[in-house]
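Q: Sharing a structure, written as structure tokens. Questions coming.
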Amino acid sequence: MPRRRMVDPFFWNDRKVGKLSRDERSLIVGCVGHADDEGRLEADPAYLKAMIFKYDEDLDSAVVKKLRDSCLSKMQSWPPNHPYRMVSVPVAAECFTTLIAMSTQEVIYLLCPLRLFF
């Protein structure tokens, strides 16, 4: 469920984040805003498009999938404790059913400290 969160000002100054494209940075901020309190979010490209890029007609689900995969690929080389790193985790590995019941979709698990976002 979306939460009202303010973006940590240090996000914009982070050198690793700065190497991402503008749309990749928007995706990260959108994921944080739509993640649950544990930092989990459905990773389905159509869902991400509807939640984060709903008014961007130049981005379809295929482009959003490329953005998602590009972010996840680039973030693999980031230190595991980097505050804005995202990883992709299968739903079964997380063992939660209230967010996505009986789903085979992947879930993005945001490993960023959500306490930095109000």
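The numbers here are math on the coordinates, done by the rules we state, and not lab data. Keep in mind that what you see is a predicted model, and the values were worked out from it rather than measured. Please note: Cβ atoms are built from the backbone with ideal geometry, for glycine as well, and neighbour counts cover all protein chains shown.
Q: Select from segment 18-76 those GluC sites (Glu not before Pro) which occupy a DSSP coil region and have at most 11 other Cβ atoms within 10 Å, ordered by residue number.
A: When the GluC sites (Glu not before Pro) of segment 18-76 are filtered for loop state and at most 11 Cβ neighbours within 10 Å, E57 remain.
Q: Considering only C-alpha atoms, what is the centroid distance from segment 67-88 to segment 1-36, in Å?
A: If you average the Cα positions of each part, the centres end up 12 Å apart.
Q: Ranked from highest to lowest mean number of other Cβ atoms within 10 Å per residue, what is the order of the peptides 7-17, 45-55?
A: Per-residue mean Cβ counts within 10 Å order the peptides as 45-55, 7-17.
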